[in-house]
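All remarks here apply to the structure that follows.
The values are calculated or read from the model by the stated rules, or taken from the named source; none is laboratory data. Fair warning: this is a prediction, and the values are worked out from it, not measured in the lab. Every residue, glycine among them, receives a Cβ derived from its backbone with ideal geometry; neighbour counts consider all protein chains shown.
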Amino acid sequence: MYQYNEFDRTFINQRVAHYRDQTERYLQGDLSEDEFLQLRLRNGLYVQRLAPMLRVAIPYGTLSSQQLRALASISNDFDRGYGHLSTRQNMQFNWPALEDVPDILQALADVDMHAIQTSGSCIRNVTTDQFAGAAADEEIDPRPYCELLRQWSTSHPEFEWLPRKFKIAVIGATFDRAAIGVHDIGIRVNGSSEQPENALVDIYAGGGLGRTPVLGALIRERLPVKHLLTYTEAIMRVYNRYGRRDNKYKARIKILVRALTIEKFKAKVDEEWAAINHEQGAVPAAELSRLSAFFAPPSFAELDNAGELLGTQRLENPAFNRWMKHNVHPHRVSGYSVVTLSTKVTGMPPGDVSSDQMDAVASWADCYGFGEIRISHEQNFVLPHIPQDKLYALWQQADAIGLGHFNAGLISDIICCPGGDYCSLANAKSLPVAEAIQRRFADYDYQYDLGSLDLNISGCMNACGHHHVGHIGILGVDKKGQEFYQISLGGHAGHSGEAPRLGQIIGPSVAREEVCDVIEKVIKVYLGLRFEGETFLSCFNRIGILPFKESIYAKAA
Amino acid sequence: MPRLLKRIPSGWQICDVAETPWIAQDEWRAGGALQVGVDAEPLADWLEASSVAIEFPAMTDGRGLSLAVLMRNRLGYRGELVARGSIHQDIVHFLARCGFDAIELPNEEHLETALKWIDPHTGYYQPSVIRSESALTSAN
Ligand code: HEM
Ligand code: SF4
């Protein structure tokens, strides 16, 4: 992974010093609430319903065991002993004291981490495939380009005060695990990691969820990667100058793209790019090779696939067998696997992890997996490089502390925002709904039979829980002061290799008590009409929304 | 006499200056001091201004930063470029790096703080209007 040099360290230490001074001036009354708001957001500090929340950047979801241990200590020293994995591959602390934040940021800086630009109307942490560098379906490692964008966007003089937040995602594999289609800019890198400077990039713009969900459109194909920054600069400049600033709900780039039409937006960007001296601004090949070298594969041993051993272990232990089936993914190197450690245990908020769990994950990474850890946008931990003959030992230890659940990709692997329990913008609670669904579908055989199914829940239109791209999406709405839930079907984020798609609403929203029944009816329709081996999503693609509507609303109507 | 931050050859300092008679775009003639809004489109005529000010309507409005970059890099404007309006003392470093060489604050009391934070880092990740070298281009 990327290693900080003196420049990076000096930079973040100077940033902490500036923020410490700002906090002191705020506490002395020299900065108003509104002024400080803008400054603290850009240093990761958000104030929500119950307490401040600090969002720590985990660049493209990659961190070292040492860094994860530092996060565990921070959660013990400054918080309540746990942290929260976010859908943008970051970690959030929910209870820090505002006065402590400069010290927390210093503790982060000491392990080469920061919370810069994790909130506010600026370019946010770049996200990518949680399996980058390990996935069997990877064409090229996206991380060097993520790091390039991270550095370029950090405290960019021109683009720190945008109309609204700005999210960039990068993918280099066949399956789009980064959901590039629902980002302000989505980047697909084509090429090979042997020649990082010769990669070609496809650029999508104007995607986003929130109250107006839109899929990004392809605006530039096969751009030589040395122009990635100047082309991004052109997009950013057009957005910074012409994006709406009068209404925050209409300020995302997707609204600008739609107002102009994609053709005119693209023409404006191309015109801007032509005017930039993009040969002079091209990223030097040496810089791309330098960054790529950080992401060279670790020193994998020459191992054979451990099929026979695993076969025996799986037969002996049915729970391990289930975990193998759902949480262990193919690796590009023989004898290794990629492991998802699920945080989705019934009764626990999805994504919440204790400091003990963090420490344990760090030690497993050290013992078995080159000290590397990832965070997935599904809010789980990933250990990207585990030798297959260590899987059983890893699983036993994980299972002992609540991280060995078998449900990756199943209905109980719910993406869920904090909702009405924690968030002041919520229309409805989301955590109790997630828990109720997990209880209703707890039976393993039932879940297994249902197969891969993404169920996503957001407590309001802001869509933090990505409900638009859940195969089943649940959205909290306010109906005359009552908490109601709108259900949509058939959305997906593009993981399957197809272009992403937004879900369709099935009908009038329902009360909290009815949500599980409705989901169960949806599932029954699927089970009744599916062909052998057909996933929920493929079945939906074939039969459409009507049979679901009929089953749910027929009698009531 | 208004006080503001000014770039001098050795860095930045707080200066007392005479009041500038700013003229809005529709009344401005070559030779005068021109004040434009952050939504203005840069025009070649502006090269004839004695000085140009960009008026920021809010601390959070980054349009003036892009406009400054365009004036410096695209238009080739080399004259004085002044930031006015709702300028916050903690974001002056962005202004400086986008090519402003004079910064007025709505409240002169904060000039000292602004001066302290005019250049909070010894180096930056990306090149800017005022510095072509950066961590990214030097392949350090
Ligand atoms: C509890 C405090 C939170 C508040 C007040 C909050 C607020 C918001 C708001 C206002 C938006 C909409 C932005 C827009 O329309 O441009 C948003 C989007 C989003 N939030 Fe949160 N959020 C919170 C917590 C979280 C958490 C814990 C996560 C991760 C699990 C999260 C993930 C996201 C994501 C991924 C989006 C992006 C949706 C998009 O692409 O438009 N949020 N949030
Ligand atoms: S979706 Fe709404 S309720 Fe949920 S965290 Fe985001 S803003 Fe809060």
- Task: Take A:Val214 and decide whether it is at pLDDT below 95 and within 16 Å of ligand 2 (Cβ to nearest atom).
- Result: no
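Tell me the residue from A:Asp478, A:Asp449, A:Asp421, A:Asp443 that is modelled with pLDDT under 95, surrounded by fewer than 24 Cβ atoms within 10 Å (Cβ to Cβ), touching a strand residue (DSSP E or B) at 6+ places or on another chain (Cβ under 8 Å) and not assigned by TED's automatic domain parsing to the domain that holds A:Arg322, please.
A:Asp478
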- Query: Which one is farthest from the other protein chains (Cβ to nearest Cβ), of the residues in segment A:282-317 that are surrounded by fewer than 13 Cβ atoms within 10 Å (Cβ to Cβ) and part of a loop (DSSP other than H, G, I, E, B)?
  - Reply: A:Asp304
- Item | Scan of segment A:480-502 for residues that are in a strand (DSSP E or B) and not aromatic (Phe, Trp, Tyr), ordered by number | A:Gln482, A:Glu483, A:Gln486, A:Ile487, A:Ser488, A:Leu489, A:His492, A:Arg501
- Message: With the structure loaded, tell me whether B:Pro2 is more than 12 Å from chain A (Cβ to nearest Cβ) and surrounded by fewer than 20 Cβ atoms within 10 Å (Cβ to Cβ) or whether it fails that test.
- Response: yes
- For residues that are within 18 Å of B:Ser66 (Cβ to Cβ) and hydroxyl-bearing (Ser, Thr, Tyr), tally how many sit in segment A:239-262. 2
- Message: Between a residue in segment A:35-54 that is within 16 Å of A:Leu162 (Cα to Cα) and assigned by TED's automatic domain parsing to the domain that holds A:Val101 and any residue that is away from ligand 2 (no atom under 16 Å from the Cβ) and not in a loop (DSSP other than H, G, I, E, B), which pairs come within a Cβ distance under 7 Å, given they are 6 or more apart or on different chains?
- Response: A:Leu39/A:Gln22; A:Asn43/A:Tyr19; A:Asn43/A:Leu105
- Message: Among the residues that make up segment A:123-132, is at least one of them within 16 Å of ligand 2 (Cβ to nearest atom) and in a loop (DSSP other than H, G, I, E, B)?
- Response: yes
- Query: Restricting attention to segment A:461-479, and to residues there that are outside any strand (DSSP E or B) and aliphatic (A, V, I, L, M), which single residue is nearest to ligand 1 (Cβ to nearest atom)?
  - Reply: A:Ala463
- Message: Being in a strand (DSSP E or B), over 23 Å from A:Gly402 (Cβ atoms) and more than 13 Å from chain B (Cβ to nearest Cβ): is that true of A:Leu63 here?
- Response: no
- Take A:Ser509 and decide whether it is over 29 Å from the mean Cα position of the chain (by Cα) and polar (S, T, N, Q). no
- Query: Inside segment A:353-460, counting only helices (runs of 4 or more DSSP H) that do not spill past its ends, which hold 1 or more residues that are within 16 Å of ligand 2 (Cβ to nearest atom)?
  - Reply: A:431-440
- Can you find a residue in segment B:72-88 that is surrounded by fewer than 16 Cβ atoms within 10 Å (Cβ to Cβ), basic (Lys, Arg) and closer than 24 Å to B:Gly31 by Cα? yes
- Message: Considering only segment B:97-110, I want to know if a residue exists there that is on the phi > 0 side of the Ramachandran plot, in contact with a helix residue (DSSP H, G or I) (Cβ under 7 Å, 6 or more places away or on another chain) and more than 7 Å from chain A (Cβ to nearest Cβ).
- Response: yes
- Item | Subset of segment A:233-242 (residues that are under 25 Å from the mean Cα position of the chain (by Cα) and either within 11 Å of chain B (Cβ to nearest Cβ) or not in a helix (DSSP H, G or I) (or both)) | A:Glu233, A:Met236, A:Tyr239, A:Asn240
- Query: Out of segment A:259-281, which residues are touching a Leu at 6+ places or on another chain (Cβ under 8 Å) and either at the interface with chain B (Cβ under 9 Å from one of its Cβ atoms) or without any contact (Cβ under 8 Å) to a residue 60 or more places away in the chain (or both)?
  - Reply: A:Lys268, A:Gly281
- Subset of segment A:165-177 [within 13 Å of another protein chain (Cβ to nearest Cβ) and crowded, with 23+ Cβ neighbours inside 10 Å]: A:Phe166
- Restricting the search to segment A:1-45, which residues are more than 9 Å from every other protein chain (Cβ to nearest Cβ), buried (at least 17 other Cβ atoms within 10 Å of the Cβ) and not in a helix (DSSP H, G or I)? A:Met1, A:Tyr2, A:Arg42, A:Asn43, A:Gly44, A:Leu45
